[in-house]
Amino acid sequence: MVGKIVCFILLIPIYAILLWSFFDTRESILWGRRWMYKEEPELSDGYILYTKVVIGIFTVIVTIMALDFFF
């Protein structure tokens, strides 16, 4: 029982990061890398779409694994 509670508490920041990355994709891609560029880099629409698809798939996988663990 305690393991499930700890797992649930640890999943909260993971979901927060996934949601932030999905809704603010451009900012999440450049997070921690802005110092490498003198100007704001232009990210292609294809790369942003690819990142959103990967984040969506990863969110579904994490949700399925969490539900399997809890139930």
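General remarks:
Table: residues versus (1) open to solvent by 100 Å² or more (accessible area, probe 1.4 Å); (2) more than 11 Å from the chain's Cα centre (by Cα); (3) among the charged types (D, E, K, R).
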{"site": "29", "(1), (2), (3)": "no, no, no"}
{"site": "35", "(1), (2), (3)": "yes, yes, no"}
{"site": "38", "(1), (2), (3)": "yes, yes, yes"}
{"site": "44", "(1), (2), (3)": "no, yes, no"}
{"site": "63", "(1), (2), (3)": "no, yes, no"}
{"site": "66", "(1), (2), (3)": "no, yes, no"}
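- Selection over the range 15-27 of residues that are farther than 26 Å from residue 70 by Cα and open to solvent by less than 50 Å² (accessible area, probe 1.4 Å) gives a count of 1.
- Every pair of residues 6+ apart whose Cβ atoms lie under 7 Å, when the first sits in the range 1-14 and is within 12 Å of residue 65 (Cβ to Cβ) while the second is part of a helix (DSSP H, G or I): 7/69; 11/66; 14/62
- Every condition in (1) surrounded by 11 or more Cβ atoms within 10 Å (Cβ to Cβ); (2) hydrophobic (A, V, I, L, M, F, W, C); (3) in contact (Cβ under 8 Å) with a residue 24 or more places away in the chain holds for residue 70 except the one numbered (1).
The values are calculated or read from the model by the stated rules, or taken from the named source; none is laboratory data. Because the structure is predicted, anything quoted here is derived from the model rather than measured. A quick note on method: Cβ atoms are made from the backbone with ideal geometry, for glycine too, and the neighbour counts reach across all protein chains shown. Side chains are part of the model used for accessible areas, which takes the heavy atoms of the whole protein and leaves out ligands, DNA and RNA. Shrake-Rupley method; radii C 1.70, N 1.55, O 1.52, S 1.80 Å.
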